[in-house]
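Engineer: Structure in structure tokens, see below.
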Amino acid sequence: MPACHFSAAYAFAPTRAPYAADPARSRGRLIAEPHSPSRSVFQRDRDRIIHCTAFRRLAHKTQVFVPHEGDHFRTRLTHSLEVGQIARTLARALGLDDDLAEALALAHDLGHTPFGHTGEDVLDELMSPYGGFDHNAQALRIVTKLERRYAAFDGLNLSWETLEGLVKHNGPLLQADGRVAARYAKRGLPAAIREYNTVHNLELAHFASAEAQAAALADGIAYNAHDLDDALRAGLIDFAQIGEVDFLRDMGGEIAALYPGLEPVRAVHELVRRLITFFIEDSIAESRERIAALGVASVADVRAQLAPLIRFSPAASSADKAISSFLLANMYRHQRLVQIRDQAGLIVRDLFARFFVAPDLMPAEWAETAAKAGAGEARLARVVCDYIAGMTDRYAVAEHRSLFDVTPELQ
């Protein structure tokens, strides 16, 4: 197992680092609001995210397993809470603003569809003639347009720093010469991001804050560790199989040596706990070393870098990739899940086709939105897409049952 060079001596940074986002110096909101006497701008952003409708819906959106598999598997909501906890830990240890890091962690999955990545893939295919579907762009649509909670504006009117981090937590979207980043080279920048950026410049060619990078890394830590946990719990893989990954085999050996005869359920939890701890401690130590070596002394320095500052060491990055590859082969491509994904994809396809030709079948507020969208297939398709993307798994199944004679059982 790669040695971790983390030291408890700097587990918690005593003061805010000079490269941390400062809520007192926030670039503000698109629509100006009075300051809160009791909360910072980033605390208010976090609270608005927690209280919004899209966040509550995450409780019934699939992470990997559909609801009938059991109550103990992760949903998008529990995953987001776990990412939030890890992001706060990273932020505090690095002297960052943990409220901003947590806000971004809690918001990072708001744009996800029902049925996990299957729903996203199908909507992206169906929307390909109209600009495609991207869950990060959808999250931006939600927090700037689709949420309707406030009398003075649509969306949540979040701060510039939170919107920037939401859009750019995986890196810049544009290259220095203005060309789109590689991941958008085929289709171009999502329309929602391009359009919003014209009225509220998010500086798409630069890296986001260190807080956004911490939230992104926290997502990766939680994703691998907890999907491994769920796969073991569901019986898609057994504990002996982790020996296929050297890093996991070594960690499992340590557990067996320390706790001979440990019951399987405790062994799994011990493995997951140690896994999360290792990657957190490694990334804290590696990020501190990089920040010091590069002389990063301001938020502007963070954004001007050519690579992320908050990251794993090479050894930990190698272990992370090995675990991801193991999960891809043994969990995500497991025949049991492939069959469920095919059935879920059919539900999304059927709903889109029906609502596209008969938008009045959507709830009144959505049918009214479709009517107001005016002429043109693209506008109608986007309304239908917004409606379906916001559905929970069980709501999508219920809608399908109300419209079609036969609905897949998702099992």
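Engineer: Can you compute the modelled spin-label distance between GLU244 and ALA378, with each label point 7 Å from Cα toward Cβ, in nm?
Structural biologist: 4.4 nm
Engineer: Mean separation of Cα pairs under 8 Å and 6+ residues apart, divided by the residue count of the chain: what relative contact order is that in percent?
Structural biologist: 21 percent
Engineer: When a/c is below 1.5 the answer is rounded, else prolate if a/b is larger than b/c, else oblate, so apply that to the stretch 256-363 with a ≥ b ≥ c taken from the square roots of the Cα gyration tensor eigenvalues.
Structural biologist: Oblate shape, in that a/c is at least 1.5 and b/c is the bigger or equal ratio.
Engineer: Just report the Cα centroid separation between the stretch 96-121 and the stretch 336-362, whole Å.
Structural biologist: Comparing the Cα centres of the stretch 96-121 and the stretch 336-362, I get a distance of 23 Å.
Engineer: While we're looking at this one, here's another question. What part of the accessible area of the chain, given as a whole %, is carbon or sulfur when the probe is 1.4 angstrom?
Structural biologist: Working: 9790 of 18370 Å².
The value for the chain is 53 percent carbon and sulfur by accessible area.
Engineer: For n ≥ 4 DSSP H runs only, could you compute -39500 (n - 2.57) per run for the chain, divide by its residues and tell me the 222 nm figure to the nearest 500? Don't jump to the answer; show the numbers that get you there.
Structural biologist: Numbers: 17 runs with 225 residues, N = 411.
Computed mean residue ellipticity for the chain: -17500 deg cm²/dmol.
Engineer: Pull out the extension gain between GLU203 and VAL265, defined as 0.36 nm times the separation in residues minus the alpha carbon to alpha carbon distance; nm, one decimal.
Structural biologist: 17.6 nm
Engineer: Assuming a ≥ b ≥ c are the square roots of the Cα gyration tensor eigenvalues, decide whether the stretch 302-411 counts as rounded (a/c under 1.5), prolate (otherwise, with a/b larger than b/c) or oblate.
Structural biologist: Verdict is oblate for the stretch 302-411.
Engineer: I need the chymotrypsin sites (Phe, Trp or Tyr not before Pro) found in the stretch 326-411, filtered to DSSP loop residues with at most 15 other beta carbons within 10 Å of theirs.
Structural biologist: Those satisfying the criteria are PHE404.
Engineer: What residues from the stretch 194-216 fall in the zone where the backbone N is under 14 Å from a label point 7 Å along the Cα-to-C-beta line of GLN175?
Structural biologist: From the stretch 194-216, the list is 205.
Engineer: Could you tell me which helices of the chain pass both thresholds, a Cα extent of 27 Å or more along their own axis and a mean Kyte-Doolittle hydropathy of at least 1.6, with helices taken as whole DSSP H runs? Walk me through the numbers on the way to the answer.
Structural biologist: Working: long enough: 210-234 (35 Å, 0.00); 264-294 (45 Å, 0.25); 335-357 (34 Å, 0.40).
The answer is none, since no helix passes both cut-offs.
Engineer: Mind checking the full-extension length gain between THR277 and GLU33? Use 0.36 nm per residue of separation minus the Cα-Cα distance, one decimal, nm.
Structural biologist: 83.9 nm
Engineer: May I ask you to give the average projected area over all directions of the convex hull of the Cα atoms of the stretch 184-296, in nm² rounded to one decimal?
Structural biologist: 11.0 nm²
Engineer: Taking a ≥ b ≥ c as the square roots of the eigenvalues of the Cα gyration tensor of the stretch 30-186, is the shape rounded (a/c under 1.5), prolate (a/b larger than b/c) or oblate?
Structural biologist: Rounded, because the longest to shortest axis ratio a/c is under 1.5.
Engineer: Ok, one more. Counting pairwise Cα distances across the chain, what percent come out greater than 40 angstrom?
Structural biologist: The proportion of pairs with Cα distances above 40 Å equals 18 percent.
Engineer: Skip the ligands, DNA and RNA, and give the accessible area per residue of the chain with a 1.4 Å probe, whole Å².
Structural biologist: 45 Å²
The values are calculated or read from the model by the stated rules, or taken from the named source; none is laboratory data. Worth saying up front: this structure is predicted, and the values here are computed from it rather than measured. Backbone-built Cβ (ideal geometry, glycine too); neighbour counts: all protein chains shown. Ligands, DNA and RNA are stripped out before the accessible areas are found, and what is left, the full protein with its side chains, is counted by its heavy atoms. Shrake-Rupley method; radii C 1.70, N 1.55, O 1.52, S 1.80 Å.
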